[in-house]
1. Could you tell me whether the stretch 41-61 includes any residue that is at pLDDT 85 or above, under 29 Å from residue 100 (Cα atoms) and in the same structural domain as residue 95 (by TED's automatic domain parsing)?
2. Confirm whether residue 99 is in contact (Cβ under 8 Å) with a residue 12 or more places away in the chain, assigned by TED's automatic domain parsing to the domain that holds residue 24, at negative phi and surrounded by 16 or more Cβ atoms within 10 Å (Cβ to Cβ).
3. Which residues, counting only those in the stretch 33-53, are surrounded by 12 or more Cβ atoms within 10 Å (Cβ to Cβ) and part of a helix (DSSP H, G or I)?
4. Which pairs turn up if I take residues in the stretch 66-93 that are assigned by TED's automatic domain parsing to the domain that holds residue 107 and look for partners that are surrounded by 16 or more Cβ atoms within 10 Å (Cβ to Cβ) and part of a loop (DSSP other than H, G, I, E, B) with beta carbon separation below 8 Å, at least 6 apart in sequence or on another chain?
């Protein structure tokens, strides 16, 4: 029973990694098969050359439309893939917004890219206070004291009337 689960997990991982490659391979094999059948019919004189070219052009046109369709979907899944790779807390929202972006003429897509890139597992959103290797917060007192001195000096100068 455990070997079946291991095999199933391996197949799932392989299909996730090779998903787009397998689609292109199937499409290329389908086109090669259609062309091969067309050439056999052409050689056997069941089909004239003009009709063969018309069918070939139609098949090529359908292939191009399917390629564009899958290409657009693959491009719009890039922010979701980034979010999934970074273990983003809003993965599902980014994925749903990517689909909405398809229907808004791609207006949301750059913002989704930015949203997915903002979060990193090692530092979160990047707005947290830095920490020392031992886990304690980094003291920012030296910089703060310097700024406080400068503000006090400016206030003293403004009270004295010096510009």
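1. yes
2. Here the answer is no, as residue 99 does not meet what is asked.
3. Scanning the stretch 33-53 gives 34, 35, 37, 38, 39, 41, 42, 51, 52, 53.
4. 82/88; 83/119; 86/119; 88/119; 89/119; 90/119
The values are calculated or read from the model by the stated rules, or taken from the named source; none is laboratory data. The structure presented is a predicted model; accordingly, all values stated were derived computationally and were not measured. Ideal geometry is used to build each Cβ from the backbone, glycine not excepted, and the neighbour counts take in all protein chains shown.
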